[in-house]
Amino acid sequence: MQMKESQFREIKELLLRLTAREGSFYQKKFAGIDIAGIKSQEDFERLPFTNKDELREGYPLGLMAVDEQEIVRIHSSSGTTGTPIIIPYTRQDIEDWALMFERCYRMAGIDESDRIQITPGYGLWTAGIGFQNGAERLGAMAVPMGPGNTDKQLKMMMDMKSTVLCATSSYALLLAEEIAKRGIGEKICLKKGVIGSERWGERMRRRIAAELGVQLYDIYGLTEIYGPGIAMSCEHECGMHYWDDYVYFEIIDPATGQILPDGTVGELVVTAFRKQGAPLIRYRTHDLTRIMTGECPCGSPYPRIDTLTGRTDDMVKVKGVNIYPGQIEDMLKEVEGPSSEYQVMIDHLNGKDILTLFFETEYMDEKKSIEHNVKKYVKERIGLTIVPKAVPIGDLPRSEKKTKRIFDNRY
Ligand code: ZN
(Lines give C-alpha, C1' and ligand atoms only; values in the text may rest on other atoms or scores of the structure.)
Protein backbone atom coordinates (compact mmCIF):
# COMPACT_ATOMS: atom_id res chain seq x y z
CA MET A 1 0.00 0.00 0.00
CA GLN A 2 1.38 3.38 -1.02
CA MET A 3 1.76 5.61 2.02
CA LYS A 4 -0.06 8.92 1.57
CA GLU A 5 1.89 12.13 1.93
CA SER A 6 -0.26 13.19 4.88
CA GLN A 7 0.36 9.85 6.58
CA PHE A 8 4.09 10.13 6.08
CA ARG A 9 4.13 13.66 7.48
CA GLU A 10 2.21 12.69 10.60
CA ILE A 11 4.23 9.53 11.15
CA LYS A 12 7.49 11.46 10.82
CA GLU A 13 6.33 14.08 13.32
CA LEU A 14 5.28 11.35 15.72
CA LEU A 15 8.63 9.55 15.40
CA LEU A 16 10.51 12.76 16.16
CA ARG A 17 8.30 13.52 19.14
CA LEU A 18 8.53 10.00 20.59
CA THR A 19 12.27 9.66 20.24
CA ALA A 20 12.86 13.13 21.70
CA ARG A 21 11.03 12.19 24.88
CA GLU A 22 13.55 11.34 27.60
CA GLY A 23 13.36 7.71 28.72
CA SER A 24 10.35 6.87 26.53
CA PHE A 25 9.68 3.43 25.12
CA TYR A 26 10.55 4.47 21.57
CA GLN A 27 13.57 6.56 22.53
CA LYS A 28 15.05 3.38 23.93
CA LYS A 29 13.78 1.13 21.15
CA PHE A 30 14.97 3.35 18.31
CA ALA A 31 18.27 4.37 19.93
CA GLY A 32 20.93 4.49 17.26
CA ILE A 33 18.44 4.92 14.40
CA ASP A 34 18.64 8.18 12.45
CA ILE A 35 15.00 9.24 12.76
CA ALA A 36 15.61 12.68 11.22
CA GLY A 37 17.05 10.83 8.22
CA ILE A 38 13.77 9.04 7.46
CA LYS A 39 12.80 10.61 4.16
CA SER A 40 10.51 8.09 2.50
CA GLN A 41 8.15 5.19 2.94
CA GLU A 42 11.07 2.85 2.23
CA ASP A 43 13.07 4.39 5.10
CA PHE A 44 10.06 3.95 7.38
CA GLU A 45 9.77 0.32 6.34
CA ARG A 46 13.26 -0.33 7.65
CA LEU A 47 12.22 0.51 11.21
CA PRO A 48 11.97 -2.53 13.48
CA PHE A 49 8.54 -3.93 14.30
CA THR A 50 6.97 -3.52 17.73
CA ASN A 51 5.99 -6.79 19.40
CA LYS A 52 3.50 -7.68 22.08
CA ASP A 53 6.26 -8.99 24.35
CA GLU A 54 7.91 -5.57 24.40
CA LEU A 55 4.62 -4.02 25.49
CA ARG A 56 4.41 -6.55 28.30
CA GLU A 57 7.89 -5.63 29.44
CA GLY A 58 6.68 -2.06 29.77
CA TYR A 59 4.08 -3.03 32.38
CA PRO A 60 2.46 -1.10 33.91
CA LEU A 61 2.97 2.37 32.37
CA GLY A 62 6.13 2.01 30.32
CA LEU A 63 4.31 2.86 27.10
CA MET A 64 3.02 6.20 28.33
CA ALA A 65 4.19 8.82 25.83
CA VAL A 66 2.79 11.98 27.47
CA ASP A 67 2.80 13.46 30.97
CA GLU A 68 0.60 11.56 33.37
CA GLN A 69 -1.65 14.61 33.85
CA GLU A 70 -2.86 14.12 30.30
CA ILE A 71 -3.95 10.51 30.80
CA VAL A 72 -7.66 10.14 31.50
CA ARG A 73 -8.09 6.39 31.36
CA ILE A 74 -6.31 3.09 30.92
CA HIS A 75 -7.35 -0.14 29.27
CA SER A 76 -5.73 -3.51 29.47
CA SER A 77 -5.46 -6.31 26.96
CA SER A 78 -7.04 -9.50 28.14
CA GLY A 79 -3.86 -11.51 27.86
CA THR A 80 -4.62 -15.13 28.71
CA THR A 81 -1.14 -15.78 30.05
CA GLY A 82 1.36 -13.79 32.03
CA THR A 83 1.59 -10.04 32.35
CA PRO A 84 -1.17 -7.97 30.78
CA ILE A 85 -0.54 -4.87 28.68
CA ILE A 86 -1.69 -1.48 29.93
CA ILE A 87 -2.60 1.14 27.34
CA PRO A 88 -2.99 4.74 28.59
CA TYR A 89 -5.41 7.09 26.75
CA THR A 90 -5.54 10.88 26.63
CA ARG A 91 -8.84 12.75 26.26
CA GLN A 92 -8.02 13.20 22.58
CA ASP A 93 -7.44 9.44 22.16
CA ILE A 94 -10.87 8.74 23.65
CA GLU A 95 -12.47 11.30 21.33
CA ASP A 96 -10.65 9.96 18.29
CA TRP A 97 -11.71 6.43 19.13
CA ALA A 98 -15.37 7.48 19.50
CA LEU A 99 -15.17 9.35 16.18
CA MET A 100 -13.83 6.24 14.43
CA PHE A 101 -16.49 4.14 16.11
CA GLU A 102 -19.21 6.50 14.95
CA ARG A 103 -17.87 6.07 11.42
CA CYS A 104 -18.17 2.30 11.90
CA TYR A 105 -21.83 2.55 12.82
CA ARG A 106 -22.52 4.90 9.92
CA MET A 107 -20.66 2.55 7.56
CA ALA A 108 -23.26 -0.05 8.54
CA GLY A 109 -26.12 2.37 7.96
CA ILE A 110 -26.77 2.71 11.71
CA ASP A 111 -27.90 6.18 12.81
CA GLU A 112 -29.54 8.37 15.45
CA SER A 113 -32.81 6.48 15.17
CA ASP A 114 -31.26 3.16 16.23
CA ARG A 115 -31.24 1.48 19.63
CA ILE A 116 -27.99 -0.32 20.13
CA GLN A 117 -27.82 -3.25 22.52
CA ILE A 118 -24.23 -3.70 23.64
CA THR A 119 -23.29 -7.13 24.96
CA PRO A 120 -19.46 -7.10 24.98
CA GLY A 121 -17.92 -6.62 28.43
CA TYR A 122 -17.31 -3.28 30.12
CA GLY A 123 -14.25 -2.60 32.26
CA LEU A 124 -10.55 -2.92 31.64
CA TRP A 125 -11.27 -4.51 28.30
CA THR A 126 -11.89 -2.03 25.49
CA ALA A 127 -14.93 -3.65 23.92
CA GLY A 128 -18.10 -2.53 25.74
CA ILE A 129 -17.04 1.03 26.40
CA GLY A 130 -15.90 1.47 22.80
CA PHE A 131 -19.31 0.45 21.46
CA GLN A 132 -20.89 2.74 24.08
CA ASN A 133 -18.89 5.89 23.31
CA GLY A 134 -19.38 5.40 19.59
CA ALA A 135 -23.14 4.99 20.02
CA GLU A 136 -23.39 8.13 22.15
CA ARG A 137 -21.32 10.17 19.71
CA LEU A 138 -23.57 8.89 16.92
CA GLY A 139 -26.59 10.00 18.89
CA ALA A 140 -28.21 6.57 18.98
CA MET A 141 -29.74 5.12 22.16
CA ALA A 142 -27.25 2.78 23.81
CA VAL A 143 -28.59 -0.17 25.81
CA PRO A 144 -25.48 -1.06 27.81
CA MET A 145 -26.04 -4.67 28.83
CA GLY A 146 -22.60 -6.22 28.95
CA PRO A 147 -22.35 -10.00 28.55
CA GLY A 148 -24.45 -12.80 30.03
CA ASN A 149 -27.84 -13.03 31.73
CA THR A 150 -29.71 -14.21 28.68
CA ASP A 151 -33.19 -13.78 30.23
CA LYS A 152 -32.59 -10.12 30.96
CA GLN A 153 -30.81 -9.67 27.66
CA LEU A 154 -33.83 -10.91 25.70
CA LYS A 155 -36.31 -9.00 27.88
CA MET A 156 -34.48 -5.73 27.23
CA MET A 157 -34.15 -6.59 23.55
CA MET A 158 -37.94 -6.92 23.33
CA ASP A 159 -38.99 -4.13 25.71
CA MET A 160 -36.48 -1.58 24.40
CA LYS A 161 -37.06 -2.71 20.80
CA SER A 162 -33.32 -2.81 20.16
CA THR A 163 -32.55 -2.52 16.45
CA VAL A 164 -28.82 -3.28 16.60
CA LEU A 165 -27.03 -6.07 18.44
CA CYS A 166 -23.31 -5.75 19.18
CA ALA A 167 -21.82 -9.10 20.17
CA THR A 168 -19.17 -11.73 19.61
CA SER A 169 -20.16 -14.33 17.05
CA SER A 170 -20.59 -17.03 19.69
CA TYR A 171 -22.83 -14.87 21.89
CA ALA A 172 -24.89 -13.75 18.88
CA LEU A 173 -25.40 -17.40 18.00
CA LEU A 174 -26.43 -18.24 21.56
CA LEU A 175 -28.98 -15.42 21.59
CA ALA A 176 -30.26 -16.43 18.14
CA GLU A 177 -30.79 -19.99 19.33
CA GLU A 178 -32.59 -18.84 22.49
CA ILE A 179 -34.88 -16.61 20.46
CA ALA A 180 -35.74 -19.54 18.19
CA LYS A 181 -36.21 -21.92 21.14
CA ARG A 182 -38.53 -19.53 22.97
CA GLY A 183 -40.44 -18.68 19.82
CA ILE A 184 -40.12 -14.94 20.44
CA GLY A 185 -38.79 -14.02 17.01
CA GLU A 186 -41.88 -11.88 16.33
CA LYS A 187 -41.10 -9.62 19.27
CA ILE A 188 -37.50 -8.98 18.23
CA CYS A 189 -36.91 -5.75 16.27
CA LEU A 190 -33.24 -6.27 15.39
CA LYS A 191 -32.15 -5.14 11.94
CA LYS A 192 -28.40 -5.27 12.20
CA GLY A 193 -25.70 -7.19 14.01
CA VAL A 194 -22.22 -5.78 14.64
CA ILE A 195 -19.89 -8.68 15.27
CA GLY A 196 -16.31 -8.47 16.48
CA SER A 197 -14.13 -9.70 13.66
CA GLU A 198 -12.63 -13.13 14.05
CA ARG A 199 -12.43 -16.07 11.75
CA TRP A 200 -15.89 -17.58 11.81
CA GLY A 201 -17.44 -19.99 9.40
CA GLU A 202 -19.77 -18.95 6.62
CA ARG A 203 -22.33 -21.44 7.90
CA MET A 204 -22.39 -19.90 11.37
CA ARG A 205 -22.67 -16.45 9.85
CA ARG A 206 -25.65 -17.42 7.71
CA ARG A 207 -27.30 -19.11 10.67
CA ILE A 208 -27.00 -16.07 12.95
CA ALA A 209 -28.21 -13.75 10.20
CA ALA A 210 -31.18 -15.99 9.39
CA GLU A 211 -32.22 -16.70 12.99
CA LEU A 212 -32.02 -13.05 14.02
CA GLY A 213 -33.28 -11.74 10.69
CA VAL A 214 -30.45 -9.22 10.51
CA GLN A 215 -27.61 -8.17 8.25
CA LEU A 216 -24.26 -8.78 9.91
CA TYR A 217 -21.30 -6.41 9.90
CA ASP A 218 -17.72 -7.17 10.94
CA ILE A 219 -15.92 -4.72 13.15
CA TYR A 220 -12.17 -4.87 13.75
CA GLY A 221 -9.78 -3.54 16.34
CA LEU A 222 -7.46 -4.45 19.16
CA THR A 223 -6.87 -2.96 22.59
CA GLU A 224 -3.28 -2.04 21.77
CA ILE A 225 -4.63 0.21 18.97
CA TYR A 226 -7.62 2.03 20.56
CA GLY A 227 -9.87 -1.06 20.65
CA PRO A 228 -12.65 -2.22 18.32
CA GLY A 229 -13.63 0.42 15.79
CA ILE A 230 -10.64 0.93 13.49
CA ALA A 231 -12.25 -1.01 10.61
CA MET A 232 -15.78 -1.99 9.63
CA SER A 233 -17.52 -3.80 6.81
CA CYS A 234 -20.16 -2.05 4.71
CA GLU A 235 -23.39 -3.48 3.33
CA HIS A 236 -21.53 -5.09 0.43
CA GLU A 237 -19.73 -7.48 2.82
CA CYS A 238 -16.47 -7.38 0.90
CA GLY A 239 -13.88 -6.77 3.58
CA MET A 240 -13.64 -3.96 6.13
CA HIS A 241 -12.97 -0.28 5.46
CA TYR A 242 -10.28 1.12 7.77
CA TRP A 243 -9.65 4.69 8.83
CA ASP A 244 -6.39 5.52 7.13
CA ASP A 245 -6.35 9.04 8.52
CA TYR A 246 -5.67 7.47 11.95
CA VAL A 247 -3.97 4.15 11.27
CA TYR A 248 -1.44 2.98 8.69
CA PHE A 249 -1.67 -0.69 7.68
CA GLU A 250 1.03 -2.93 6.26
CA ILE A 251 0.81 -6.63 5.38
CA ILE A 252 3.96 -8.66 5.95
CA ASP A 253 5.12 -12.21 5.54
CA PRO A 254 5.03 -13.32 9.18
CA ALA A 255 8.05 -15.54 8.69
CA THR A 256 10.41 -13.08 7.00
CA GLY A 257 8.93 -9.66 7.84
CA GLN A 258 8.94 -8.75 4.13
CA ILE A 259 6.14 -6.46 3.00
CA LEU A 260 3.71 -8.31 0.76
CA PRO A 261 1.99 -6.88 -2.32
CA ASP A 262 -1.63 -5.70 -1.98
CA GLY A 263 -4.05 -8.59 -2.31
CA THR A 264 -1.71 -11.13 -0.72
CA VAL A 265 -2.58 -12.57 2.69
CA GLY A 266 -0.12 -11.99 5.50
CA GLU A 267 0.17 -10.51 8.98
CA LEU A 268 -1.37 -7.11 9.62
CA VAL A 269 1.06 -4.53 11.02
CA VAL A 270 -0.45 -1.29 12.35
CA THR A 271 0.97 2.16 13.02
CA ALA A 272 -1.39 4.34 15.10
CA PHE A 273 0.04 7.71 14.14
CA ARG A 274 -2.44 10.00 15.83
CA LYS A 275 -2.41 8.32 19.19
CA GLN A 276 -1.03 10.33 22.07
CA GLY A 277 -1.13 8.20 25.23
CA ALA A 278 0.59 5.19 23.74
CA PRO A 279 1.23 5.42 19.99
CA LEU A 280 2.55 2.26 18.39
CA ILE A 281 4.86 2.08 15.42
CA ARG A 282 4.71 -0.98 13.15
CA TYR A 283 2.87 -3.10 15.69
CA ARG A 284 2.55 -6.78 14.80
CA THR A 285 -1.06 -7.88 15.34
CA HIS A 286 -0.61 -11.57 14.43
CA ASP A 287 -3.92 -11.27 12.56
CA LEU A 288 -3.91 -12.63 9.03
CA THR A 289 -5.65 -10.60 6.34
CA ARG A 290 -4.89 -8.81 3.08
CA ILE A 291 -5.26 -5.34 1.61
CA MET A 292 -8.15 -5.49 -0.85
CA THR A 293 -7.50 -3.84 -4.18
CA GLY A 294 -9.96 -1.89 -6.28
CA GLU A 295 -12.96 0.24 -5.39
CA CYS A 296 -15.70 -0.94 -3.06
CA PRO A 297 -19.16 -0.79 -4.65
CA CYS A 298 -20.25 1.45 -1.75
CA GLY A 299 -17.97 4.19 -3.07
CA SER A 300 -16.26 4.85 0.27
CA PRO A 301 -12.81 6.39 -0.15
CA TYR A 302 -11.49 4.40 2.84
CA PRO A 303 -9.31 1.43 1.86
CA ARG A 304 -10.22 -2.12 2.86
CA ILE A 305 -8.71 -5.16 4.49
CA ASP A 306 -10.32 -8.56 4.11
CA THR A 307 -12.20 -10.20 6.97
CA LEU A 308 -9.65 -11.98 9.11
CA THR A 309 -8.31 -15.24 7.75
CA GLY A 310 -6.95 -16.42 11.09
CA ARG A 311 -3.97 -15.87 13.36
CA THR A 312 -0.34 -16.33 12.49
CA ASP A 313 -0.24 -18.94 15.27
CA ASP A 314 -2.58 -21.09 13.12
CA MET A 315 -0.10 -20.93 10.29
CA VAL A 316 2.18 -23.82 9.40
CA LYS A 317 5.08 -24.01 7.01
CA VAL A 318 5.28 -26.92 4.56
CA LYS A 319 8.23 -27.20 2.15
CA GLY A 320 8.91 -23.51 2.63
CA VAL A 321 5.30 -22.47 1.90
CA ASN A 322 3.12 -20.80 4.54
CA ILE A 323 -0.29 -22.44 4.91
CA TYR A 324 -3.21 -21.22 7.00
CA PRO A 325 -6.80 -22.37 7.33
CA GLY A 326 -8.55 -19.49 5.53
CA GLN A 327 -6.29 -19.86 2.52
CA ILE A 328 -7.20 -23.53 2.05
CA GLU A 329 -10.88 -22.64 2.36
CA ASP A 330 -10.51 -19.91 -0.26
CA MET A 331 -8.73 -22.23 -2.67
CA LEU A 332 -11.39 -24.94 -2.31
CA LYS A 333 -14.04 -22.36 -3.16
CA GLU A 334 -12.29 -21.66 -6.46
CA VAL A 335 -12.50 -25.26 -7.69
CA GLU A 336 -15.73 -26.84 -8.82
CA GLY A 337 -16.82 -29.84 -6.74
CA PRO A 338 -15.55 -29.50 -3.13
CA SER A 339 -17.87 -28.28 -0.34
CA SER A 340 -16.53 -25.98 2.39
CA GLU A 341 -15.58 -28.73 4.87
CA TYR A 342 -11.95 -29.78 4.80
CA GLN A 343 -9.09 -31.06 6.93
CA VAL A 344 -5.36 -30.87 6.42
CA MET A 345 -2.92 -33.54 7.64
CA ILE A 346 0.78 -32.81 7.51
CA ASP A 347 3.15 -35.72 7.95
CA HIS A 348 6.84 -36.30 7.61
CA LEU A 349 7.56 -39.53 5.73
CA ASN A 350 10.86 -40.76 4.28
CA GLY A 351 12.50 -37.41 4.83
CA LYS A 352 9.72 -35.44 3.12
CA ASP A 353 6.81 -33.31 4.26
CA ILE A 354 3.50 -34.53 2.89
CA LEU A 355 0.33 -32.46 2.99
CA THR A 356 -2.90 -34.40 2.61
CA LEU A 357 -5.99 -32.29 1.99
CA PHE A 358 -9.27 -34.03 2.82
CA PHE A 359 -12.37 -32.28 1.51
CA GLU A 360 -16.01 -33.22 1.27
CA THR A 361 -17.88 -33.38 -2.01
CA GLU A 362 -21.37 -34.31 -3.15
CA TYR A 363 -19.98 -35.66 -6.39
CA MET A 364 -18.14 -38.79 -5.31
CA ASP A 365 -18.60 -40.35 -8.74
CA GLU A 366 -16.34 -37.61 -10.09
CA LYS A 367 -13.86 -38.01 -7.22
CA LYS A 368 -10.80 -38.53 -9.44
CA SER A 369 -11.25 -35.49 -11.62
CA ILE A 370 -12.15 -33.20 -8.68
CA GLU A 371 -9.05 -34.38 -6.81
CA HIS A 372 -6.96 -33.75 -9.90
CA ASN A 373 -8.34 -30.22 -10.25
CA VAL A 374 -7.77 -29.38 -6.57
CA LYS A 375 -4.19 -30.62 -6.75
CA LYS A 376 -3.54 -28.64 -9.92
CA TYR A 377 -5.11 -25.47 -8.52
CA VAL A 378 -3.18 -25.57 -5.24
CA LYS A 379 0.05 -26.14 -7.16
CA GLU A 380 -0.67 -23.13 -9.37
CA ARG A 381 -1.72 -20.88 -6.52
CA ILE A 382 0.91 -21.55 -3.88
CA GLY A 383 3.41 -23.82 -5.61
CA LEU A 384 2.86 -26.76 -3.30
CA THR A 385 2.22 -30.35 -4.38
CA ILE A 386 -0.43 -31.90 -2.15
CA VAL A 387 -2.22 -35.21 -1.83
CA PRO A 388 -5.95 -34.52 -2.43
CA LYS A 389 -8.54 -36.86 -0.88
CA ALA A 390 -12.22 -36.35 -1.62
CA VAL A 391 -14.65 -37.83 0.91
CA PRO A 392 -18.47 -37.90 1.00
CA ILE A 393 -20.45 -35.10 2.70
CA GLY A 394 -20.64 -35.65 6.45
CA ASP A 395 -17.41 -37.62 6.70
CA LEU A 396 -15.32 -34.90 8.36
CA PRO A 397 -15.88 -33.75 11.96
CA ARG A 398 -17.61 -30.38 12.37
CA SER A 399 -18.65 -28.01 15.10
CA GLU A 400 -20.26 -24.57 15.22
CA LYS A 401 -17.37 -23.30 17.27
CA LYS A 402 -13.88 -23.03 15.95
CA THR A 403 -13.04 -26.32 14.24
CA LYS A 404 -9.45 -27.44 14.13
CA ARG A 405 -8.60 -27.81 10.47
CA ILE A 406 -4.86 -28.29 10.29
CA PHE A 407 -3.16 -31.21 11.99
CA ASP A 408 0.58 -31.05 11.97
CA ASN A 409 1.88 -34.54 12.79
CA ARG A 410 5.51 -33.80 12.02
CA TYR A 411 6.74 -33.08 15.50
ZN1 ZN B 1 -17.76 -0.55 1.04
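Details
- As a length-normalised measure over Cα pairs under 8 Å and 6 or more apart, the relative contact order of the range 266-411 settles at 18 percent.
- Mean Cα-pair separation over length for the chain, i.e. relative contact order, pairs under 8 Å, 6 or more apart, %: 12 percent
- Excluding same-chain neighbours fewer than eight residues apart, the aspartates and glutamates reachable from K187 by a Cα-Cα span under 16 Å are D151, D159, E177, E178, E211.
- Rounded to 5, the percent of DSSP beta bridges in the range 297-411 classed as antiparallel: 55 percent
- Under 18 Å from the Cα of K319 - aspartates and glutamates, other chains or at least 8 residues apart: D253, D347, D353, E380, D408
- Cα gyration tensor shape of the chain, rounded if a/c is under 1.5, else prolate or oblate by comparing a/b with b/c: oblate
- For the chain, the Cβ-based charge dipole about the Cα centre amounts to some 600 debye (Lys, Arg positive; Asp, Glu negative; other atoms uncharged).
- Calculated from backbone phi, Karplus (6.51, -1.76, 1.60) coupling profile of the range 248-255 in Hz, x at Gly/Pro: 10, 10, 10, 10, 10, 6, x, 7
- Sulfur and carbon atoms: percent of accessible area, the chain [1.4 Å]: 49 percent
- Hz values of 3J(HN,Hα) by residue in the range 214-229 - Karplus curve (6.51, -1.76, 1.60), Gly and Pro given as x: 10, 8, 9, 10, 9, 10, 10, x, 8, 3, 4, 10, 6, x, x, x
- Of the peptides 358-367, 104-113, 215-224, the ranking by mean beta-carbon count within 10 Å, highest at the top, reads 215-224, 104-113, 358-367.
- The residues of the chain have, on average, 46 Å² of accessible surface per residue, using a 1.4 Å probe with all protein chains present.
- With Cα atoms defining each centre, the range 300-379 and the range 215-278 are spaced 24 Å apart in the structure.
- Sorted largest first, extent of the range 90-311 alpha carbons per principal axis (Å): 53, 39, 31
- The accessible-area ordering, largest first, of the residues R9, R115 stands as R9, R115, per a 1.4 angstrom probe.
- Pairwise FRET efficiency - K181 versus Q258, Cβ, R0 = 51 Å, nearest 0.05: 0.55
- Ellipticity estimate at 222 nm from DSSP helix runs (n ≥ 4, -39,500 (n - 2.57)) divided over the chain, nearest 500: -9000 deg cm²/dmol
- Top of L190, L47, L124 by mean-square fluctuation, Gaussian network on the chain, Cα under 10 Å: L47
- Cβ-based charge dipole, the chain, positive-most Cα from Q117, P48, L16: Q117
- Among T119, T271, T293, the largest mean-square fluctuation in a Gaussian network model of the chain, built with springs joining Cα atoms closer than 10 Å, belongs to T293.
- What the Cα convex hull of the range 43-108 gives, in volume per residue, is 147 Å³.
The values are calculated or read from the model by the stated rules, or taken from the named source; none is laboratory data. Just so it is clear, the model here is predicted, and its values are computed rather than measured. For neighbour counting, all protein chains shown are included, and Cβ atoms are generated from backbone atoms with ideal geometry for every residue, glycine included. Ligands, DNA and RNA are excluded from the accessible area calculation, which covers all protein heavy atoms including side chains. Shrake-Rupley method; radii C 1.70, N 1.55, O 1.52, S 1.80 Å.
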